[in-house]
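Novice: What follows is a structure written as structure tokens; I'll ask about it next.
The values are calculated or read from the model by the stated rules, or taken from the named source; none is laboratory data. These figures come from a predicted structure and were not determined experimentally. For neighbour counting, all protein chains shown are included, and Cβ atoms are generated from backbone atoms with ideal geometry for every residue, glycine included. In case anyone asks, the SASA skips ligands and DNA or RNA and just uses the protein heavy atoms, side chains included. Shrake-Rupley method; radii C 1.70, N 1.55, O 1.52, S 1.80 Å.
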Amino acid sequence: MKLKTDRLLLRDYTPEDWESVHVYGKDPEFSKYEPWGPNSVEDTKNFIADNIMKSKLNPRFHYELAVCLKEGSRQIGGCGLRRESQTSEVANMGWAINPEFQKRGYATEAASKLIQFGFEDLNLRVIYATCDTRNVASYKVMEKIGMKRVGHLIANRNFKNEVSDSYRYEITI
């Protein structure tokens, strides 16, 4: 599976990707708004192995992809589009870009391509994303790609010994 944008290649993960994913996956600051992380080496290797396994399912309904720079093929993050079931017309999306490569529009570019893929190739009707309300960078990407805030969920997240709120954004055809 490969999707291309002007600057990026979105592709299935390979076993070798664990090292570049672990660079940001082990960082406590990077994962502070996420239920996962900071990752151990084993956590990151399991994440990669799980996504390789999901990429081989037929029919496929989870698309977790490595985000790579077209020039040089360096893996700089990940993005995902996950249908709720094999036949669902609704999917959740997300992204993670190595902090070294943030604030350059890569998350917006990757997420835009996932939306195009979801509507044109998977015939989805709704794509949604959620984030911790404190994760301003994440919801700004959602707004840039045309998603609309449809919900503010109060105290719906409980992890890392903390209860927090989240926003839900959606885009429809």
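Novice: Under 8 Å between Cβ atoms, which residue pairs at least 6 apart in sequence (or on different chains) link something in region 145-168 that is over 23 Å from residue 39 (Cβ atoms) with a partner that is basic (Lys, Arg) and modelled with pLDDT under 90?
Specialist: Short answer, once both residue conditions are applied: 165/157.
Novice: For the structure I just gave you, tell me whether residue 112 is in a helix (DSSP H, G or I), of a type in the set (Ser, Thr, Tyr) and touching an Asp or Glu at 6+ places or on another chain (Cβ under 8 Å).
Specialist: no
Novice: Right, another one. Of the residues that sit in region 133-149 and are within 18 Å of residue 166 (Cα to Cα), outside any helix (DSSP H, G or I) and not aliphatic (A, V, I, L, M), which one is most open to solvent (accessible area, probe 1.4 Å)?
Specialist: Here the answer is 148.
Novice: Follow-up. Determine whether residue 130 is among the β-branched types (Val, Ile, Thr), surrounded by 14 or more Cβ atoms within 10 Å (Cβ to Cβ), assigned to a strand (DSSP E or B) and within 16 Å of the chain's Cα centre (by Cα). Lay out the reasoning, then the answer.
Specialist: Numbers: among the β-branched types (Val, Ile, Thr): yes; surrounded by 14 or more Cβ atoms within 10 Å (Cβ to Cβ): yes; assigned to a strand (DSSP E or B): yes; within 16 Å of the chain's Cα centre (by Cα): yes.
Yes; evaluated as a whole, the condition is true for this residue.
Novice: Also: Hey, does region 139-157 have a residue that's farther than 20 Å from residue 5 by Cβ and polar (S, T, N, Q)? So that I can check it myself, show each step before the final result.
Specialist: The initial filter retains those residues of region 139-157 that are farther than 20 Å from residue 5 by Cβ, namely 139, 148-157.
Retained after the next criterion (residues that are polar (S, T, N, Q)): 156.
Within region 139-157, one or more residues are farther than 20 Å from residue 5 by Cβ and polar (S, T, N, Q).
Novice: I've got another one for you. What are the pairs, 6+ residues apart or on separate chains, where a residue within region 25-52 that is closer than 19 Å to residue 79 by Cβ and at pLDDT below 90 has its Cβ under 6 Å from a residue that is open to solvent by less than 70 Å² (accessible area, probe 1.4 Å) and hydrophobic (A, V, I, L, M, F, W, C)?
Specialist: 35/159
Novice: Select from region 65-83 the residues that are in contact with a Phe, Trp or Tyr (Cβ under 8 Å, 6 or more places away or on another chain), more than 22 Å from residue 28 (Cβ to Cβ) and free of Cβ contacts under 8 Å to residues at least 60 places away in the same chain and list them in ascending order.
Specialist: 66, 81, 82, 83
Novice: Something else about it: Determine, yes or no, whether residue 123 is outside any helix (DSSP H, G or I), touching a residue at least 24 places away in the same chain (Cβ under 8 Å), open to solvent by 80 Å² or more (accessible area, probe 1.4 Å) and polar (S, T, N, Q).
Specialist: Working: outside any helix (DSSP H, G or I): yes; touching a residue at least 24 places away in the same chain (Cβ under 8 Å): yes; open to solvent by 80 Å² or more (accessible area, probe 1.4 Å): yes; polar (S, T, N, Q): yes.
Taking the combined requirement at face value, the residue satisfies it.
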